[in-house]
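Below is one structure; the comments refer to it alone.
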Amino acid sequence: ATLQTQDKMASCLWTLSQTTRQSHRQVCSASQALALSLGKAPLNGVVTVPAARVPTLPRPRDVHVDLWGAERHFKAVLASKDGAPRVSKMRSGVDVIQACAARGEVSRAEAWLLRFRRARVFINVRAYNAAMHACARVADVVRTEGWLLGMIDGGVEPNVISFNTLLGAFAEAGDVSGAHRWFSRMTEAGVEADAVTYRTMIATCARAANAPLAEEWLLRMKAAMLTLDVVSCSALVSAYAKSGDAKGAERSLRLMEENGIVAGRAGYDPVIRAWAAGGAGSAEPMHAECWIWKALEAGVEPTDAALVAVMAAFVRSEDANGAQRIADVMRRLGRWPSAAASAVLARPHAAAGNFEAIENLLDELVREGGRPDAVCLQELLAAYARSPQPPEDDRAEICFRELCFLDPRAIHGAGEALGDVRRALGRRRY
């Protein structure tokens, strides 16, 4: 039975490597077949690999990883006169590729893997997975997929980590269809999905703001007799919050509670912000405030961004008492003074041209140890401009100078700051 299972898996892997191949004589590897399937025709038998696509928000590099030390150690192992054991070469080589992946050096990791081939170092699945991880960190789906197919071409059987790495690349790129396609190929190859696989599929759908599909994958994870974790459930909550479905986010959070999962900020914050989002008519700040108290009862302190979002919702609905309650909560949590909260409280005064009220807010902020930020000064400058009787002294000019110091874009006309200072100073003084 074991031999039959191995033969079946080998057959599936061979079929998998052939799925992206085209019936073309110039195609001699799975990587070239992948390029053809993506619309990249080979030139003289050489496939031009597209450049790595850097995502909008790339992951920060792990600068603490000693890449140079790993490379020196591997070179010393290769240059050993006594002849280093095969296992020692393999381990040190994998360490180099993993260090390149941690530092975000994609081309360097690939160059080292090619050097291993020339040095006749046995390349196992860990080395290929490390190279795939380096490509996946920068959301380069093409290279990650190419290394997986190259692994199959080299006679190395990919494991669940290999497929999870490729699915992680699709998650970084937000490609839901690609992730579903390779999940199907993974199951066809006889590789059993684990909790990381389902977690990655949920994260992929969540990044694409496809909350119903993310919930379907969560239910599939539960049907596979895998334990639901806080990461998967929090991703589902975030997916519903991104799509503007506050009820769906709340339902997902209650699902966490029913399964005995302790929700942290990643679970409560999206629900709070989802109920606080929208205009004056669509937001429900009272419901958002209820979830703030539920989070505090559970021992979870919401972030400043969530609290300020609820305060802004109360301000939009012209509920001064509700905004004051959120300010009291921030004081109890030690989050006060807050420049962001002061800017939110100053917004209605800026619209009415009541610069004196904003000056009092900022004076109170300074007395309590805070410091006005650029948004606070923008609201104050807008109040000067909208006031029926702007101040006759140089307060508007001083405010604009401080704003330009904090945000140099204001002096170049970015936003409404330049127009506000013109209206505040008047034609003669300007």
Q. Measuring with a 1.4 Å probe in the full set of protein chains, what accessible area per residue, in whole Å², belongs to the range 171-302?
A. 45
Q: Using packing as a proxy for protection, rank 223-234, 169-180 so that the peptide with the highest average count of other Cβ atoms within 10 Å comes first.
A: 169-180, 223-234
Q. Out of residues 5 or more away from Gly154 or on other chains, whose amide H comes under 5 Å of its own, with H placed 1.01 Å from N in the peptide plane?
A. none
Q: Please work out the average accessible area per residue across the range 306-418, using the 1.4 Å probe convention, and give it in Å².
A: 51
Q) Around Pro270, what is the net charge, scoring Lys/Arg as +1 and Asp/Glu as -1 over all other residues with Cβ under 13 Å from its Cβ? A) +2
Q. Straight-line reach from Lys242: which aspartates and glutamates have a Cα under 13 Å away, not including same-chain ones fewer than 8 places off?
A. Glu250, Asp269
Q | Of all accessible heavy-atom area on the range 287-430, the percent that carbon and sulfur account for (1.4 Å) | A | 50
Q. For the range 236-278, what % of the accessible area comes from carbon and sulfur atoms, probe 1.4 Å?
A. 49
**Q.** Ordering of 202-214, 251-263 by packing [mean C-beta count within 10 Å, highest first]
**A.** 202-214, 251-263
Q. Are there GluC sites (Glu not before Pro) in the range 278-368 that DSSP puts in a loop and that have at most 10 other Cβ atoms within 10 Å, and which ones?
A. Glu318
Q: Please calculate the 1.4 Å probe accessible area of Lys242, with all protein chains present, and give it to the nearest 10 Å².
A: 130
(Q) So, taking all protein chains as they sit and a 1.4 Å probe, how much accessible area belongs to His349, in Å² rounded to tens? (A) 60
Q | Relative contact order of the range 169-288, pairs being alpha-carbon contacts under 8 Å that are 6 or more residues apart, as % | A | 18
Q: Treating the Cα atoms of the range 296-412 as identical point scatterers in vacuum, please give the log10 of the normalised Debye intensity I(q)/I(0) at q = 0.13, 0.23 Å⁻¹, two decimals.
A: -0.52, -1.33
Q: Provide the per-residue ³J(HN,Hα) series for the range 327-336, in order, calculated from phi with Karplus coefficients 6.51, -1.76, 1.60 and θ = phi - 60°, each as a whole number of Hz, with x at glycine and proline positions.
A: 4, 5, 4, 5, 5, 5, 7, x, 9, 10
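The values are calculated or read from the model by the stated rules, or taken from the named source; none is laboratory data. Remember, predicted model here, so these are calculated numbers, not experimental data. Because the Cβ atoms are built from the backbone with ideal geometry, glycine has one as well, and the counts that use them run over all protein chains shown. Only protein heavy atoms, including side chains, enter the accessible area calculation; ligands, DNA and RNA are left aside. Shrake-Rupley method; radii C 1.70, N 1.55, O 1.52, S 1.80 Å.
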